[in-house]
Amino acid sequence: MSIVRLPGLIDVHVHMRQPGGDHKETWSTGTAAALAGGFSTVLAMPNTTPAVVDEASLEIAADLAAAGARCDFGLYLGAGHGNAGAVGALASRSAGLKMYLGQTFGDLRLDDQAVWSAHLDAWPENEVVAIHAEGSSLQTVISLAESIGRPIHVCHVADANDISLVAAAKDRGMRITCEVTPHHLFLDVTTPLGSGRAEVRPRLGTPDDRRALWEHLDVIDCFATDHAPHSLAEKDGLDPPPGFPGLETALPLLLTAVHEGSLTIGDIVERFHVRPSEIFGLPTDTDTWTEVDVDAEYQIAASGESRSGWTPFAATPVRGRVVRVVIRGEVAYEQGKVVAGPGTGRDVRMEGRAI
Ligand code: DOR
Ligand code: ZN
Ligand code: ZN
């Protein structure tokens with residue numbers, strides 16, 4: 001056993017499914033999965049039912065999160081067709097504005113470039129705009145943002161072309177940051193998952209895409225799971241929704257890469273703690289940390305704390321186990337047991353909320 005202590009890990013991209021999708025995940029089950037995966041803070045996406053797009057829906061989501069969360073959290077607001085401008089008033093209470101410019105789960109997709117520009121113009125410059133876009137729409141939104149000096153954060157960069165677009169924008173001096181998911185780093189189209197289970201957006205890339213992501217590690221600001229739980233019945237059904245659960249497998253997979261020499265512990269800390277807290281302006285706390293046993297060898301279990309009840313990484317041999325998570329001085333997870341109860345997590349933007 002060899003215990004390494006990491007600072008509080010932040011996953012800037014998760015989908016909790018409340019309101020509207022409790023059978024897939026709740027704040028209670030999703031944050032139990034976060035703790036089991038070694039995370040102390042999660043930032044949740046707005047494509048719930050209803051979507052989080054205005055004050056009323058933000059209040060509903062924030063109340064559910066406050067009641068259910070076992071770790072700290074933030075909530076994104078969704079960019080809609082009619083809320084550019086109005087949504088900016090809620091910026092200080094949110095983790096950021098999420099803009100869906102490509103194929104996704106839910107109905108937040110924006111296909112009118114005039115609406116993209118309206119949001120990029122109106123959202124406060126010092127608050128994050130997180131973009132779901134690939135290929136030509138990624139290229140377009142980079143150009144639009146660059147032309148007005150608007151910083152953007154690109155979600156789940158998944159292929160060789162898109163990581164090159166981000167690298168080139170960084171080289172030009174644009175204020176652009178990005179995240180990459182463990183599933184795009186460790187899986188590709190050759191991985192035999194079964195057609196419904198393999199559905200995810202962005203899609204898994206080719207082995208060359210995967211290699212390109214690893215080769216551009218210096219361009220990757222954050223790792224983020226894009227934890228997107230759907231039930232097994234849905235994944236194996238006739239119209240499988242896209243998404244993989246990822247909170248409980250990210251750290252073991254990345255620690256295995258450390259063991260194999262393709263990553264350092266410092267690379268993980270940089271991308272799951274340092275850059276997320278810098279980019280999203282999140283508080284860091286020396287009484288919040290995660291302990292991992294970097295020697296533990298085992299196979300990833302078929303399911304864990306997430307209500308989704310499956311993982312694309314089942315039976316993958318890994319090296320590295322989460323043994324303890326401490327949040328603000330309190331043990332939240334220890335030796336395989338979730339200790340923190342629902343409602344113990346705090347909204348990281350609470351100071352901005354009207355009480
Ligand atoms: O695979 C995905 N799942 N991609 C998305 O953009 C949305 C997500 C979800 O919410 O299930
Ligand atoms: Zn997305
Ligand atoms: Zn997502």
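Please treat every number below as a calculation from the coordinates, not as lab data. Since the model is a prediction, treat every value here as computed from it, not as a measurement. All Cβ positions, glycine included, derive from the backbone under ideal geometry; neighbour counts span all protein chains shown.
Between region 188-256 and region 74-91, the C-alpha centres lie 28 angstrom from each other.
Each principal axis of the Cα cloud of the chain was taken in turn, and the coordinate range along them, longest first, works out to 55, 49, 44 Å. Each of V166, V219, V14 was scored by other Cβ atoms within 10 Å of its Cβ. Listed from fewest to most, they are V219, V166, V14. With each label modelled as a point 7 angstrom along the Cα→C-beta vector, the D218-D287 pair spans 4.0 nm. Within straight-line reach of K235, meaning a Cα separation under 26 Å, sit the following lysines at least 8 residues removed in sequence or on another chain: K24, K98.
Could you work out the relative contact order of the chain? I mean the mean sequence separation of Cα pairs under 8 Å and 6+ apart, divided by the number of residues, in percent.
Values: 812 pairs, mean separation 86.2, N = 355.
That works out to 24 percent.
Of the GluC sites (Glu not before Pro) found in region 89-190, those that fall in a DSSP loop while having at most 16 other beta-carbon atoms within 10 Å are E125.
Shape class for region 91-183, computed from the alpha carbon gyration tensor (a ≥ b ≥ c): rounded, with a/c under 1.5. So, R0 is 30 Å and r is the distance between the beta-carbons of A168 and T191; what FRET efficiency does that work out to, to 0.05? Working from the Cβ atoms, E equals 0.55. What aspartates and glutamates does K170 reach when the alpha-carbon gap must be under 14 Å and sequence neighbours fewer than 8 apart in one chain are set aside? Excluding near neighbours in sequence, the set is E146, D162, E179, D218, D221. Helix-only arithmetic for the chain: the sum of -39500 (n - 2.57) across DSSP H runs with n ≥ 4, divided by the residue total, places the mean residue ellipticity at 222 nm at -8000 deg cm²/dmol.
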